Amino acid sequence: MLRASAINIVLLIVGVLLFAATRPDTFRVQRTASIKAPPEKIFPLINDLRRFNTWNPYEKKDPSMKGRYSGAASGKGAAYAFAGNKDVGKGSVEITGSSSPRQVSMRLRMIEPFEADNHIEFTLAPNGEMTNVNWAMEGGSPYPAKVIQLFFDMDRMVGRDFEAGLANLKVAAEQ
């Protein structure tokens with residue numbers, strides 16, 4: 001009886017590990033919001049990391065987070081290294097591309113709670129008196145992440161943060 005239970009547990013674990021191996025090698029999370037402001041007003045709130053951090057949902061998750069700005073004041077080369085609580089982690093973000101007033105690309109390198117190297121893209125598309133702001137992040141899914149993603153929905157977890165951030169950006173831009 002005990003031996004049969006042990007065999008079933010081993011088979012379940014092997015099944016989970018095999019299933020994880022079939023998962024995609026990359027991930028993408030994205031959310032969009034319509035903001036009643038022109039792209040020219042929204043763009044500086046993303047392209048300047050100091051202004052970005054006034055509405056960034058991760059900055060709000062840890063008010064005592066330690067951060068250090070470096071590089072350019074805004075645009076390509078602007079960087080921010082951070083170390084926060086378990087909800088934020090430790091890493092850095094750098095603006096890798098900037099095309100006013102339509103697009104900002106960033107590289108997010110996480111050290112803790114896990115290592116990651118992700119690409120972030122903000123695109124701003126005018127739509128009448130509104131601007132559609134799209135926030136997307138993509139990166140690789142190494143095998144351990146594939147296993148974790150079987151139990152935690154990354155799109156839902158990160159997507160909620162993106163939705164909160166876009167709501168904060170909407171408030172800031174519509175003032």
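Coordinate-derived values only; no laboratory data. Everything quoted here is computed from the prediction, not taken from an experiment.
The table below lists the values:
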read-out	value
For the chain, average projected area of the Cα convex hull in nm²	11.9
26 Å Cα-Cα threshold exceeded, pairs from LYS60/LYS170; LYS36/LYS90; LYS41/LYS66	LYS36/LYS90; LYS41/LYS66
Tail weight of P(r) past 21 Å, computed on alpha-carbon pairs of segment 1-94, percent	58
